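Q: Handing you this structure, nothing more for now.
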Amino acid sequence: MTTSDQGASRRTAAALGVALGLLVAGAVAATLVARGRWWLPPLASLQGRPVDRLFLVTLAIISAAFILVQGLLALFVWLYRDRGQRASYWHEHRALELTYTIIPAIVMTGLTVTAAGLWARIHSAPPPGALVVEVRAEQFGWKARYPGPDGRFGRLDPRFFSPRQNPFALDPTDPAGRDDLVLDISTAAALHLVVNRPVEVRLRAKDVVHSFFVPAFRVKQDAVPGMVTSTWFTPSRTGTFEIACAELCGPLHYVMRGRIVVQTQEEFDAWLAAQARP
Amino acid sequence: MAHAIPHVEAHTAAELSFWRRYIFSQDHKVIGIQYALTSMAMAILGGLLAIFIRLQLGWPGRSWPLLGRLFPGGMPEGQMSQAFYLAAVTMHGTIMIFFVLTTLLTGGFGNFLIPLMIGARDMAFPFLNMLSYWLYPPAIVVLLASFFVSGGAAGGGWTAYPPLSALPQAAPGSGPGQTLWLVALAILIVAFLFGSLNYITTVLQLRTRGMSMLRLPLTVWALFVTAILALLAFPVLLAAAIMLLFDRLGGTSFFIPAGLVVGTTPVDHAGGNPLLWQHLFWFLGHPEVYVLILPPMGMVSDILANNARKPIFGYRFMVGSIVAIAFLSFLVWGHHMYTSGMHPLLGTAFMTTTLVIAVPSAIKTFNWLATLWRGKIRFTSAMLFALGFLSLFVTGGLTGIVLAQPPVDIYFHDTFFVVAHFHFVMASAAIFAAFAGTYYWFPKMFGRMLDERLGRWHFWLTFAGIYATFFPMHYAGFMGMMRRIYSPQLYAHLQGLAPLNVFVSLAAFVLFAAQFIFLYNFFRSLFRGARAERNPWGATTLEWTTPSPPPHGNWGPALPVVHRWAYDYSPPGAAEDFLPQAAPLAVPVGGEPAGSGGDEQHGR
């Protein structure tokens, strides 16, 4: 190997080392900048708190691994560039290999156990006394249904669907459905919820698969035609929040928004009374 | 063994016509190059579609009069229609995953390398191999025809979830475009199955004398295991695609439940379940990710060892982790479905299997690092891309740990965080390995060297461009920006993203433009590149003992005989810093180490 080749090797090694260093520094800096501008929206549910914590813990773990591996790569590229040396004939080290088998295995086990517990809590039965609402997704908006004073949802039957008179396809022969309150929560109305009161949202889909995504609540659940899926959570702040559709559902997927208003129990009761059917 | 296969005589003896030699060839090398060149053409198209996507996301709603004149259908008045945007998203994914990466890695590199690296004269079934390639262009024609049918190309995403993809009335892209999409995929899957059968049989049956399974280079191991994966996974998607075609055209209801109303019109179907498609699709879809990443892992292992002049570290663990990853890849499909409405217990099970995959992935990563340790690193273009692969694979793999945990994935599922994740771990890493492989094996394929200076330019711009394009997408995902939306402008929680999206778009344009350096280098070097010698990289594996390019039948009258594993780089006592696999066992110190002496006489 000639001296000029070794010079080129040195330059490339330096460039690559610097590039990887910049990558690590840039990633850290960008994440710090993003914390102020491009981060998860402010949390507004009780269930979101442990989720955010688990996310931050995971982010810390993968950031450490990221810095370690990119750093080692940069270091090795610089140290072991071609300087006319002979490479070492070294290709087995059982203890070393077991080390980087076992450490990730332990970390992964820890994450699995933590996440499994949290996942089970998220999917536990909603507590008694939870508000129950139905949300139906359709191209390209959301409708909601409250059970009305009788506390029971009326039967649905698609044969009775009528875009104006009966958009939720309530079965008019079912007395339980007479007092059901149906709202278009994409346009005129909003899905009203009570602060600090758990709510179970039962999801239906009218046409294709949609996904009920409320970023502030860390909630996402697909609405699947032919099934009723459900999720429950507890809003922790009053205010107005946005529903987004997170599953591609057609050309206007991007406009498929809905509105959630979280209010106190008194405000909610007053609102509900005002909605009673004439 | 290979010498017993009658077609060998036809290969070496007969003078073939131009058509039999270059067009309807049964020579694995020609077929590999055909696959690679066709994939390159499709990659340009797939990249162009990405440019359209980024044009829209960078400047939503902006009018581009010039493009309006070029594409009056998709961009009336210069403004991209929503249907065209979704068609671009769908076709970008479909083309890049199935028509570029799968075809390039298994069809291109797999075809070219397997027989040469195991010391065979050709694939076990050369005619089937030719058929495999010749199913690919018709699949492309059918796929691209969908741009010109009413409603345009499919717009339901590469995942094609029904009922959106099943009901023509549900969206413009769900019309004939979706039917053609399914037919194109079905044709291509048959091609993959032909190829996979061939690779598996070839590796098992046609290894030359001395080439035991544990002497196989990791490239061959990876391609072999990939072929098994593809053979087991693709038929499931083929079946699902046929079922969906029946739902669309035959009035069946595999995926369509009762009671649907599209717009104001009831749908006349009953009894199906949309989740069935998701299970079937991801039963292929996840192994498919490993179909795209295992061959890169193998190729990068060989290129790292060669350019660090050091044996690959932990060969047995490397083989074991390839097999482990492949096995586990069949047990993780549900991690795409945490929010789909499947039973939560399944979520727990799929999380466990998914996080287990992190372990063999970590083994591979650290083994690659250990391969560099105390090596003697040569920064060829191939090596730069292989090192780039390592960096990208780690970056993309780590974010998978976030997504694997269902409570956290609830938030990140179907956001740009996922887009960033798979573009690093699968798309970018795989394409970096493909570039590394091209710089490395181009001399063997065409008998000429690629220009190293252009190669370095290509590397630096691509490496910077990839990170600049995909890294910021993580932050769009943090904010909750959904995938496949035509514009984020309407959402309160996505306000403030515009500068980030503009930056990503500009980076993507630079990234795309940088690829023309590669194209220029590729086609210029085909004709003007420096002549390649037999073994320009001082490599150990068998393909470097035959002339560049190898003749029909690959070897002279006698097949090479293998005496050692594939990684004797810098062995103690040898004069040179490598011992080819074909070098006889006893090498006199200071003697001729290369096994090329014996078969020099068979050269061209």
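Q: Does the range B:477-501 hold any residues that are more than 7 Å from chain A (Cβ to nearest Cβ) and part of a helix (DSSP H, G or I), and which are they?
A: Residues satisfying the conditions are B:GLY477, B:LEU494, B:ALA498, B:PRO499, B:ASN501.
Q: Here's something else I'd like to know. Could you grab the pairs with beta carbons closer than 7 Å, sequence gap of 6+ or different chains, first residue in the range A:15-26 and more than 8 Å from chain B (Cβ to nearest Cβ), second one of a type outside the set (Asp, Glu) and surrounded by fewer than 19 Cβ atoms within 10 Å (Cβ to Cβ)?
A: What qualifies is A:GLY17/A:TRP78; A:VAL24/A:ILE67; A:VAL24/A:GLY71.
Q: Kindly indicate which of B:VAL236, B:VAL300, B:VAL220, B:VAL289 is within 19 Å of B:ALA124 (Cα to Cα), β-branched (Val, Ile, Thr) and either within 21 Å of the chain's Cα centre (by Cα) or surrounded by fewer than 17 Cβ atoms within 10 Å (Cβ to Cβ) (or both).
A: Values: B:VAL236 fails: within 19 Å of B:ALA124 (Cα to Cα); B:VAL300 fails: within 19 Å of B:ALA124 (Cα to Cα); B:VAL289 fails: within 19 Å of B:ALA124 (Cα to Cα).
Result of the check over B:VAL236, B:VAL300, B:VAL220, B:VAL289: B:VAL220.
Q: Can B:ILE200 be described as part of a helix (DSSP H, G or I), surrounded by fewer than 24 Cβ atoms within 10 Å (Cβ to Cβ), in contact (Cβ under 8 Å) with a residue 40 or more places away in the chain and not basic (Lys, Arg)?
A: Against the criterion (part of a helix (DSSP H, G or I), surrounded by fewer than 24 Cβ atoms within 10 Å (Cβ to Cβ), in contact (Cβ under 8 Å) with a residue 40 or more places away in the chain and not basic (Lys, Arg)), B:ILE200 does not qualify.
Q: Okay, next question. Which ones in the range A:81-121 are crowded, with 17+ Cβ neighbours inside 10 Å, under 19 Å from B:ASP577 (Cα atoms) and either in contact with a helix residue (DSSP H, G or I) (Cβ under 6 Å, 6 or more places away or on another chain) or of a type in the set (Lys, Arg) (or both)?
A: Listed by number, the residues that qualify are A:ARG81, A:ASP82.
Q: Give me the pairs, please: first residue somewhere in the range B:371-384 and under 18 Å from B:ALA436 (Cα atoms) and more than 7 Å from every other protein chain (Cβ to nearest Cβ), second residue anywhere and among the acidic types (Asp, Glu) and outside any loop (DSSP other than H, G, I, E, B), beta-carbon distance under 6 Å, and either six or more positions apart or on two chains.
A: If the second residue must be among the acidic types (Asp, Glu) and outside any loop (DSSP other than H, G, I, E, B), the pairs left are B:SER381/B:GLU452.
Q: Now for a different question. What are the pairs with Cβ atoms under 7 angstrom where one residue, in the range A:243-259, is within 7 Å of chain B (Cβ to nearest Cβ) and the other, located anywhere, is among the β-branched types (Val, Ile, Thr)? Sequence gap at least six, or different chains.
A: If the second residue must be among the β-branched types (Val, Ile, Thr), the pairs left are A:GLU247/A:VAL209; A:CYS249/A:VAL208; A:CYS249/A:VAL209; A:GLY250/A:VAL208; A:HIS253/B:ILE485; A:TYR254/B:ILE485; A:ARG257/A:ILE243.
Q: Also: Within the range A:177-218, can you find the residues that are assigned to a strand (DSSP E or B), under 21 Å from A:ALA273 (Cβ atoms) and either aliphatic (A, V, I, L, M) or touching a Pro at 6+ places or on another chain (Cβ under 7 Å) (or both)?
A: So in the range A:177-218, the residues assigned to a strand (DSSP E or B) come out as A:181-184, A:191-194, A:199-205, A:210-214.
Filter again for under 21 Å from A:ALA273 (Cβ atoms), leaving A:181-184, A:191-194, A:199.
Those that are assigned to a strand (DSSP E or B), under 21 Å from A:ALA273 (Cβ atoms) and either aliphatic (A, V, I, L, M) or touching a Pro at 6+ places or on another chain (Cβ under 7 Å) (or both): A:LEU181, A:VAL182, A:LEU183, A:LEU191, A:LEU193, A:VAL194, A:VAL199.
Q: Restricting to the range B:127-166, and then to whatever is surrounded by fewer than 22 Cβ atoms within 10 Å (Cβ to Cβ) and within 14 Å of another protein chain (Cβ to nearest Cβ), can you tell me which residue is farthest from A:ALA205 (Cα to Cα)?
A: Selected residue: B:GLY151.
Q: All but one of (1) in contact with a helix residue (DSSP H, G or I) (Cβ under 7 Å, 6 or more places away or on another chain); (2) more than 14 Å from chain A (Cβ to nearest Cβ) hold for B:TYR467; state the number of the condition that does not hold.
A: Result: B:TYR467 passes all but (2).
Q: A follow-up question, please. Quick one: in the range B:259-282, of everything that is facing chain A (nearest Cβ under 7 Å) and touching a Gly at 6+ places or on another chain (Cβ under 9 Å), which residue is farthest from A:GLY226 (Cα to Cα)?
A: Among them, the one singled out is B:PRO266.
Q: How many residues are more than 7 Å from chain B (Cβ to nearest Cβ), farther than 19 Å from B:ALA160 by Cα and not in a loop (DSSP other than H, G, I, E, B) when one looks only at the range A:220-242?
A: Adding up the residues that qualify gives 8.
No lab work stands behind these numbers, since they all come straight from the coordinates. Worth saying up front: this structure is predicted, and the values here are computed from it rather than measured. Reconstructed Cβ throughout: ideal geometry from the backbone, glycine too, with neighbour counts over all protein chains shown.
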